[in-house]
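Peer 1: The structure is given below, and queries will be raised subsequently.
Readers should treat all values here as calculations from the given coordinates under stated rules, not as data from a laboratory. Quantities reported herein were computed from a predicted structural model and do not represent experimental measurements.
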Amino acid sequence: MMDIDTIREELWSLADAKYRQFNSSLMPGTDNVLGVRVPLLRKLAGEIARSDDWRTFVEESDLLFNEEPMLQGMVIAKAKMDWEERKHYMEMFVPRINNWAVCDVYCNDLKAVTTNREKDMWIFILPYLQAAPEFERRFGIVMLFYYINQKHIDFLFNYADTFDHPAYYTRMAIAWLLSACFVKFPEETMAYFKRSKLDKWTYRKAIQKTRESRRVDKATKEELKQLLRYRLRSR
């Protein structure tokens, strides 16, 4: 029986006190971490997803520990179901995301679903790109990583130029997205950086994340550094 009490006991058995301390330090304000490593969560999620009553766990809303919604997201991504049912559970789950780790792990686990339902997922994430709650907005932005391609690159730049959400984790997601765009489309993203309408803070972070990439050469990093200085002075 995959009820919340049974699964909670399993999570306790997998908890690592040292990892709990480390993981908690990465999520300021999150004090309900058990300390279960992500690979162990994914293994458990696979077991739950293969069971007949995985829906019982996914629909549970009385959650105590950070690993519980993370595990629910994994199960939603892994369990066999048609698109309409998966869409229903994704809509139910996204508002439960309450920190960057739950968000990003969930987005990562949706890779196979996105690959198989690229157009459907695109339509699904569009409303979240305008969502007010911080982590619903971050969910939408992080899902855009699957659409860094020739077809969507102009949309991504246009979205960045209209982005105005004030929360830290949404702004960092935009910076991270643009740095990933630079790796795949360096000329186009450099041109975007030269005309960008991003606010100063997010623009600075986008250049910083790009310059931190090992896939950007030294000369280009220096060019980005000089561009940053010029753009900030000229604003």
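Peer 1: Which whole-Hz ³J(HN,Hα) couplings does segment 145-154 yield from phi under the Karplus relation 6.51 cos²θ - 1.76 cosθ + 1.60, θ = phi - 60°, glycine and proline marked x?
Peer 2: With coefficients 6.51, -1.76 and 1.60, one gets 4, 6, 10, 7, 8, 4, 5, 10, 4, 5 Hz.
Peer 1: Related question: Taking just the alpha-carbon atoms of segment 148-235, what radius of gyration and Dmax come out, in angstrom?
Peer 2: Here Rg and the maximum Cα pair distance are 11.9, 33 Å.
Peer 1: Given the options 11, 178, 40, which has the most mean-square fluctuation in a GNM of the chain, springs set between C-alpha atoms less than 10 angstrom apart?
Peer 2: In the Gaussian network model the winner is 40.
Peer 1: Next question, about the same structure. Using the eigenvalues of the Cα gyration tensor, what equivalent ellipsoid semi-axes result for segment 1-111 when each is taken as the square root of five times the eigenvalue, whole Å, largest first?
Peer 2: Computed over segment 1-111, the values are 22, 16, 12 Å.
Peer 1: Where the centre of each part is set by its Cα atoms, how far does segment 92-138 sit from segment 25-62, in angstrom?
Peer 2: 17
Peer 1: Now for a different question. Connecting C-alpha atoms closer than 10 Å in a GNM of the chain, tell me which of 210, 220, 114 has the biggest fluctuation.
Peer 2: Comparing 210, 220, 114 in a Gaussian network model of the chain, the most mobile one is 220.
Peer 1: Okay, moving on. Compute for segment 77-177: radius of gyration divided by Kirkwood radius, i.e. Rg/Rh, restricted to C-alpha atoms, rounded to two decimals.
Peer 2: Ratio of gyration radius to Kirkwood radius: 0.94.
Peer 1: How much length, in nm to one decimal, is gained on full extension between residue 118 and residue 37, taken as 0.36 nm per residue of separation minus their Cα-Cα distance?
Peer 2: Taking 0.36 nm per residue and subtracting the Cα distance, the gain is 26.2 nm.
Peer 1: Projected area of the chain, taken from the Cα convex hull and averaged over every viewing direction, in nm²? Don't skip to the answer; put the middle values down first.
Peer 2: Details: hull surface 54.0 nm².
For the chain, the mean projected area of the Cα convex hull comes to 13.5 nm².
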